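Notes follow once the structure below has been shown.
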Amino acid sequence: EAGVAQSPRYKIIEKRQSVAFWCNPISGHATLYWYQQILGQGPKLLIQFQNNGVVDDSQLPKDRFSAERLKGVDSTLKIQPAKLEDSAVYLCASSVNSGAGETQYFGPGTRLLVL
Amino acid sequence: AQSVTQLDSHVSVSEGTPVLLRCNYSSSYSPSLFWYVQHPNKGLQLLLKYTSAATLVKGINGFEAEFKKSETSFHLTKPSAHMSDAAEYFCVVSGSGNTPLVFGKGTRLSVIA
């Protein structure tokens, strides 16, 4: 079974530029998550989708971050404009469904460096 | 609200000796608890999870963890460390319903030959 796919794997941009990340979850997984992992910390949830609807985006900086999952399958996360503090690894995860105890499967991540 | 405290930021063991990675949690609900491992430049991989069944949970690669409600702990153990176990380990808690996973800050495990 194919895992969660993410691209690109690495991205270097200058501050105030825009960037987009793509995620393709495991086939059949209804729930998709985007996490931000800053160096030396655990991942922090940015947004959670159930099919094509947003379940939780309370920690998404909506002035500069946006995400969509239009057809309920793959998803894109965008940052516009980027700041230095956005340098992090952006992880995508998926699960069969939402709810306590659901196992989340993670992709390899996109490592972003903002100069 | 849920929270997780990983008591050691770095643990170093010799190959073949036991591993103990400590985790304490706080949760308003009956929690689900997970341990994930992250090797350099790779995604997070689930080692094991507890979801209110048996308190001693066995995972992959010889790891296990014991849920102790009285101590609010979920420590990860392995009888004999292998060089390939060197990685970052995250303790994770989830509450009820759609409450998100909350990750600890991680424990870096080094294995010395």
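The values are calculated or read from the model by the stated rules, or taken from the named source; none is laboratory data. In this text, all values refer to a predicted model and were calculated from it rather than measured experimentally. For neighbour counting, all protein chains shown are included, and Cβ atoms are generated from backbone atoms with ideal geometry for every residue, glycine included.
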Of the residues in segment A:71-115, how many are farther than 21 Å from B:P40 by Cα and hydrophobic (A, V, I, L, M, F, W, C)?
8
Please determine whether any residue of segment A:12-22 is modelled with pLDDT of 95 or more, of a type outside the set (S, T, Y), more than 14 Å from the chain's Cα centre (by Cα) and in a strand (DSSP E or B).
yes
Of all residues in segment B:87-96 being crowded, with 20+ Cβ neighbours inside 10 Å and at the interface with another protein chain (Cβ under 7 Å from one of its Cβ atoms), which is modelled with the highest pLDDT?
B:F90
Over segment B:102-113, the set of residues within 27 Å of B:S30 (Cβ to Cβ) and outside any loop (DSSP other than H, G, I, E, B) is B:V102, B:F103, B:T107
Condition set outside any strand (DSSP E or B) and at the interface with chain B (Cβ under 10 Å from one of its Cβ atoms), scope segment A:23-49, selection surrounded by the fewest Cβ atoms within 10 Å (Cβ to Cβ): answer is A:G40
Which one of the conditions (1) assigned to a strand (DSSP E or B); (2) within 14 Å of chain A (Cβ to nearest Cβ); (3) closer than 30 Å to A:A5 by Cα; (4) not charged (D, E, K, R) does B:T99 fail to meet, given that it meets all the rest?
(1)
Out of all the residues in segment B:37-95, which are within 23 Å of A:S95 (Cα to Cα), assigned to a loop (DSSP other than H, G, I, E, B) and touching a Phe, Trp or Tyr at 6+ places or on another chain (Cβ under 6 Å)?
B:G43, B:G95
Hey, A:E102 hits all of (1) modelled with pLDDT of 95 or more; (2) touching a strand residue (DSSP E or B) at 6+ places or on another chain (Cβ under 7 Å) but one; which does it fall short on?
(1)
Out of curiosity, is B:S28 part of a loop (DSSP other than H, G, I, E, B) and under 14 Å from A:G101 (Cβ atoms)?
no
One residue from B:S3, B:S26, B:S84 being over 13 Å from the mean Cα position of the chain (by Cα) and within 12 Å of chain A (Cβ to nearest Cβ):
B:S3
